[in-house]
Amino acid sequence: MTKREVHASVKDERLVQKRRDQMIKGAVNLFKQKGFHRTTTREIAKAAGFSIGTLYEYIRQKEDVLYLVCDTIYDQVRDRLEKDIDIKQGTIESLKVAIANYFKVVDEMQDEVLVMYQEAKSLSRDALPYVLQKEIEMVGMFEKVIAGCVDKGEISLTSRERELLAHNIFVQGQMWGFRRWALQRNYTLEEYIEVQTKLILQGVEKNGNLTK
């Protein structure tokens with residue numbers, strides 16, 4: 001899937017990145033409070049710390065901001081996961097570490113993750129498939145960790161089961177961001193990680209068979 005180009009009239013790439021980072025930070029707070037459709041480009045410019053005229057030097061339309069928000073959030077989450085996930089160990093322990101690290105990333109970026117899932121539906125038809133593909137690629141990182149465990153004989157799962165388990169891990173991590181307002185009444189982040197990891201993996205026996 002080809003990345004969509006967001007045109008800017010400014011040629012200095014470092015300045016473009018700096019201004020867009022400011023734009024994204026301001027937009028995340030606004031989108032969380034008001035939603036994408038009720039937020040104006042003038043409000044985004046003000047939150048970013050510059051004029052509406054300056055804003056349009058770095059984008060062409062408001063939807064460009066939403067695309068940049070989603071694209072950047074996925075890149076940040078993916079980069080964090082790539083640093084923390086070891087797909088080569090092939091042990092249940094390495095899978096547990098991967099789950100814990102991912103849940104912590106979601107906790108740290110919960111505003112960004114929440115905005116992305118609330119507002120991604122507002123992306124244009126050409127932009128949405130690209131953004132969604134980036135999520136599938138992140139799920140694929142967990143699938144590789146699980147596949148490593150299968151290859152080392154730690155567990156025995158079919159390719160379909162590995163894929164579903166990877167999606168399950170991804171969704172349970174997101175749930176902390178979506179439902180933290182309720183979950184924090186009973187769990188700290190560490191407790192949530194411990195319990196969810198147990199629930200996610202309880203169907204996999206130590207002898208390498210999927211519990212029926």
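The values are calculated or read from the model by the stated rules, or taken from the named source; none is laboratory data. On a predicted model such as this, the values are computed, not experimentally measured, just so you know. Using ideal geometry, Cβ is built from the backbone for each residue, glycine included, and neighbour counts are taken over all protein chains shown. Remember, those area values only see protein heavy atoms, side chains included, never the ligands or the DNA or RNA. Shrake-Rupley method; radii C 1.70, N 1.55, O 1.52, S 1.80 Å.
Descriptive notes on the structure:
- Site pair Leu201 and Asp151 shows an inter-label distance of 1.9 nm when each label is modelled 7 Å from Cα along Cα→Cβ.
- Degrees between helix 13-34 axis and first principal axis of the chain (Cα, 0 to 90, nearest 10): 80
- Cβ-derived FRET efficiency at R0 22 Å, Glu5 paired with Ser51, nearest 0.05: 0.40
- Helical contribution to [θ] at 222 nm, DSSP H n ≥ 4, -39,500 (n - 2.57), averaged over the chain, rounded to 500: -23000 deg cm²/dmol
- Label separation (Asp86 vs Asn186): 3.4 nm, computed from points 7 Å beyond Cα along the C-beta direction.
- At full extension, Arg14 and Glu63 could sit 15.4 nm farther apart than now, given 0.36 nm per residue minus the alpha carbon distance.
- Size descriptor, Kirkwood hydrodynamic radius, that averages inverse alpha-carbon separations across segment 1-136, Å: 16.0
- Once the Cβ-Cβ distance of Phe178 and Gln133 is raised to the sixth power relative to R0 = 22 Å, the FRET efficiency obtained is 0.50.
- Net charge of neighbours whose Cβ lies under 13 Å from the Cβ of Gly140, counting Lys and Arg as +1 and Asp and Glu as -1: -1
- Where a label projected 7 Å from the Cα of Ser159 along Cα→Cβ would reach, residues of segment 126-140 with amide N under 16 Å: 140
- Net lengthening on full extension, Asp75/Lys25 (0.36 nm per residue, minus Cα-Cα): 16.5 nm
- Within segment 73-212, the ratio Rg/Rh, alpha carbon atoms throughout and Rh by Kirkwood, equals 0.98.
- When the charge dipole of the chain is built from unit charges on Cβ atoms (+1 for Lys and Arg, -1 for Asp and Glu) and taken about the Cα centre, the candidate among Ser156, Ile136, Ala27 whose Cα reaches farthest toward its positive end is Ala27.
- Considering only Ala182, Ala127, Ala27, the mean-square fluctuation computed in a Gaussian network model of the chain, springs between alpha carbons under 10 angstrom, is largest for Ala182.
- Highest GNM mean-square fluctuation among Gly148, Gly177, Gly49, for the chain modelled with Cα contacts below 10 Å: Gly49.
- Computed E for Glu194/Lys34 - FRET, C-beta separation, R0 30 angstrom, nearest 0.05: 0.25
- Principal-axis tilt of helix 159-183 within the chain, Cα atoms, nearest 10 degrees: 60
- Put a plus charge on the Cβ of each Lys and Arg, a minus charge on the Cβ of each Asp and Glu, and nothing anywhere else: the dipole of the chain about its Cα centre is then about 600 debye.
- Look at the dipole of the chain built from charges on Cβ: of Ala98, Gly173, Val16, the Cα furthest out on the positive end belongs to Val16.
- Accessible carbon and sulfur surface of the chain relative to its total accessible area, %, 1.4 Å: 48
- Largest mean-square fluctuation among Leu30, Leu201, Leu15, in a Gaussian network model of the chain whose springs join Cα atoms under 10 Å apart, belongs to Leu15.
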